[in-house]
Amino acid sequence: MKNLIISHGDGDGVCACAICYQALDENAIILFAQPFNIEHRFEELFRNGELPSFDNIYIIDIAYNGNIEAYLEYLRGSNKRVIYIDHHFQSLTIKGRYEGVIDTNYSASTLTAYYFHVLTPLEKIGSACDKTIMLAKLDPLYEEAETLRKALAYEPDDDIFRLKLVKELADGKMPSEIEEVIERGNKCEEERNMLYELALKNIEYEDEKVIIVNMKPMDLVGRAGSIASRMAIENKKAVFLIYGNSKTIITARSHRDLDINIGRIMHKYYNGGGHKYAGSGNIGNDNDIDRLIKEIPRIVWNGKSCVENCK
């Protein structure tokens, strides 16, 4: 049996992918993707004639993108198994259509461990990476999750590193036991502290619930989430970080005490997605930052004026 795993490349996705790879107990092919580019992965596999060669296709931690429906139906019509494991609300539209498990209440790592009936610390590490659970700082897995997140944020497009990492995690190593993870994490921490101080200087809006940071035209792919998360935690607010050079991207994080669904906001208004406490959107060539700064608070405050709600 030939297996293909297509997984998200963040901490939760990498842990879930490692759980899947370990459970299959064979050399499955691993690819990494995001919701907005997974269709290109399928297109390339189909064009090269590789897609029909796989018996089982596992899609893990990737919010459903309707543009891949034709490929999934082609696979199912060819008697191939499609196994979809995800926790983003966009994937609820296909719940029950394919094998796997879709549940917005848990991390992809937890769902993958549940699907394969395995007990592994990777489930907890992946959940902590995705902020689905909050670990106490005294929990030894807290540092493992932080180390992993920082390592992945350094050179975020490096899928070769991700692939090596998945295989080492599947072999039973903890992130802190992998030398390259430690090296990348240290470099990321230095860079992240510098960028965080810069972000503090670029806050363009703040009220009781919302902080908006404008870091255009910087390219912060792979680093924006950690900056927004730290600011959200320290201020107990929802943080919207605007950045990007050739296109405008919004990465948002929310403190868990707030009843704000970041994923739904990103999906409804900004061509993106996510889950309750984290999400991102891609608004292309839209550089009207002033409009965004006025619009985002209105959305968060359910269309009401912030002045009416803020003390």
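Any read-out appearing in this document is the output of simple, stated calculations on the displayed coordinates, not a laboratory observation. Here the structure is a predicted model, which is why all the values come from computation and not from measurement. Here Cβ is always computed from backbone atoms with ideal geometry, including for glycine, and neighbour counts include all displayed protein chains.
Of the residues 89, 135, 160, the one whose Cα sits farthest toward the positive end of the charge dipole of the range 3-184, with +1 on the Cβ of Lys and Arg and -1 on the Cβ of Asp and Glu, is 89. Compared with the dominant principal axis of the Cα atoms in the chain, helix 159-170 is inclined by about 70°.
Taking the Cα atoms only, what angle lies between the long axis of helix 38-47 and the longest principal axis of the chain, rounded to 10 degrees? It is inclined by approximately 30 degrees. Its DSSP H runs of at least 4 residues, each contributing -39,500 (n - 2.57), put the calculated 222 nm mean residue ellipticity of the chain at -13000 deg cm²/dmol, to the nearest 500. Within the same chain, lysines fewer than 8 places from residue 173 are excluded, and of the rest, those with a Cα less than 24 Å from its Cα are 124, 131, 137, 150, 164, 187. In the calculated pair-distance distribution of the chain, the portion above 34 angstrom amounts to 21 percent of the Cα-Cα pairs.
Cβ crowding within 10 Å, taken as a proxy for footprinting-reagent exposure, orders 288, 55 from fewest neighbours to most as 288, 55. Considering only 233, 279, 243, the residue lying farthest towards the positive end of the dipole of the range 215-289 is 233, judged by Cα position with unit charges set on Cβ. Of 12, 25, 159, the sequence from fewest to most neighbouring Cβ atoms within 10 angstrom is 25, 159, 12. Residues 291, 230, 41, arranged from fewest to most other Cβ atoms within 10 angstrom of their Cβ, appear as 291, 230, 41.
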